[in-house]
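Since every read-out is calculated from the coordinates, none of them should be taken as a lab result. Just so it is clear, the model here is predicted, and its values are computed rather than measured. Cβ sites come from the backbone with ideal geometry, for glycine too, and all protein chains shown count toward neighbours.
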Amino acid sequence: MAKVFASIGECMVELSGAGDGLYRRGFAGDTLNTAWGVRGLSPDDAVSVRYVSRVGTDALSDEMVRFAAAAGIDTAHVGRDPVRTVGLYMITLQGAERSFSYWRDAAAARRLAADRGALEAALADADMVYFSGITLAILPPEDRPTLFTALADARARGAVIAFDANVRLRLWPDADAARAGLSDGYRAATIALPTHPDERDLFGDRSPEATARRIAALGVPEVVVKDGADPATLFADGGLTSHPAERVDDAVDTTGAGDGFNAGYLAARLAGRSPVEAALLGHRVAARIIRSRGALIGLDALAAVAAGA
Ligand SMILES: O=C(O)C(=O)C[C@H](O)[C@H](O)COP(=O)(O)O
């Protein structure tokens, strides 16, 4: 039977520069990006990929759902909101380094945990559940316990719970709220996928090893700390190891590198490969993604990475 990978969060309309003031319209969002990557890296008969979210009932929402479904992502647990629609973000590049502007305050995804029964049904048979600090940040605080209860139930029946803090300070009321919310996210997880510079700025970690140790101390048995072009630091089986990133000389847009790393790491872990092998695949996916614009690369490109091409 195929394993079920369920990713919970928000997909937005993505605008990425195409030159001369023109923008290309795509669809992306951290948890969709990772779901997309796992889909492209995993055989269809081995892994079923499910997206758990909420969109509107307008034509743009329909198009977003069709886009994910056409990639082979199960969208049966993308709820519909009769009033709200989808959010939007725009990528600005300085060299290859990305920054984002958001129009997402009223997005339907903010209500993805409003229906406890629907959320529980979405996770009922999941072997691995993925969520992020962005998922937490967009929820009204009163809905977060619903998400944490559903995650705890999934964990109690043996599901792997994977979490990337994906720190976006703008989405939190202040740094204290971000620290508290993200620490709760880590406590819910069995695999953590943080990024060192983000964690350093928010929690004051002096090194990637310090990030790994702080998160492990919250009770997370497997932690992989990303650090851009620098090595990833892995805490697994009680020990710390370091894993160099692939060297890329022709990066054009770093958007989606972290999400792609997560996809490679989690696809490998779903396939029963070791944390060390998983980190290698994570690096290979990230290296491919930063060579093209926008957060996503094609499924054929992902299949080529999976095949080692
Ligand atoms: O910021 C958000 O809320 C988004 O979801 C937009 C982007 O698609 C991801 O953030 C990209 O993530 P990185 O892998 O960190 O570059």
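Annotations for the structure displayed:
- Comparing Leu123, Leu302, Val55 along the charge dipole axis of the chain, the residue lying farthest to the positive side is Leu123, per the Cβ-charge model.
- Charge tally in the Cβ shell below 11 Å around Phe203, where Lys, Arg are +1 and Asp, Glu are -1, Phe203 excluded: 0
- Residue-averaged 222 nm ellipticity for the chain, from DSSP H runs of 4+ at -39500 (n - 2.57), nearest 500: -11500 deg cm²/dmol
- Among Ala109, Gly264, Leu22 the positive-end extreme of the charge dipole of the chain (Cβ point charges): Ala109
- Residues Thr233, Thr92, ranked from the fewest to the most other C-beta atoms within 10 Å, line up as Thr92, Thr233.
- Residue with peak Gaussian network fluctuation, the chain [Cα springs, cutoff 10 Å], from Thr241, Thr211, Thr190: Thr241
- Among Gly158, Gly72, Gly87, residue whose mean-square fluctuation peaks in a GNM of the chain (springs only between Cα atoms under 10 Å): Gly158
- Once the C-beta distance of Ala69 and Ala114 is scaled by a Förster radius of 25 Å, the resulting FRET efficiency is 0.65 to the nearest 0.05.
- Residue order, fewest to most beta carbons within 10 Å, for Asp201, Asp30: Asp201, Asp30
- Considering only beta bridges that DSSP places wholly inside the chain, some 45 percent are antiparallel.
- Loop-resident trypsin sites (Lys or Arg not before Pro) (DSSP state other than H, G, I, E or B) in the stretch 196-263 with no more than 14 further Cβ atoms inside 10 Å of their Cβ: Arg206, Arg247.
- Residues Arg179 and Ala106, FRET efficiency given R0 of 25 Å [Cβ-Cβ distance, rounded to 0.05]: 0.45
- Fraction in percent of alpha-carbon pairs per bin - 10 Å, the stretch 54-150: 14, 40, 36, 9, 1
- The stretch 3-306, relative contact order in percent, only Cα pairs under 8 angstrom and at least six apart counted: 18 percent
- Scaled against the 2.2 N^0.38 Å expected of a compact globular protein of N residues, the Cα radius of gyration of the chain reads 0.91.
- Added length on full extension, which subtracts the Cα-Cα distance from 0.36 nm per residue, His243 to Arg25: 75.0 nm
- Pairs of alpha carbons in the stretch 211-309 whose separation is greater than 17 Å (percent): 49 percent
- Residue exposure sequence - Asp125, Asp300 - by fewest surrounding Cβ within 10 Å: Asp300, Asp125
- Looking at the stretch 134-176, the trypsin sites (Lys or Arg not before Pro) that sit in a DSSP loop and have at most 16 other Cβ atoms within 10 Å of their own Cβ are Arg157.
- Stretched out straight at 0.36 nm per residue, the stretch from Ala96 to Asp58 would grow longer than its current Cα-Cα span by 10.3 nm.
- Under the membrane-span-like helix rule (DSSP H runs whose alpha carbons stretch at least 15 Å along the helix axis, mean Kyte-Doolittle hydropathy 0.0 or higher), the chain yields 59-70, 144-156, 257-270, 275-289.
- Built amide H within the under 5 Å cut-off of Arg104, gap 5+: Leu88
- Taken about its Cα centre, the stretch 3-306 carries a charge dipole of about 140 debye when Lys and Arg each add +1 at the Cβ and Asp and Glu each add -1 at the Cβ.
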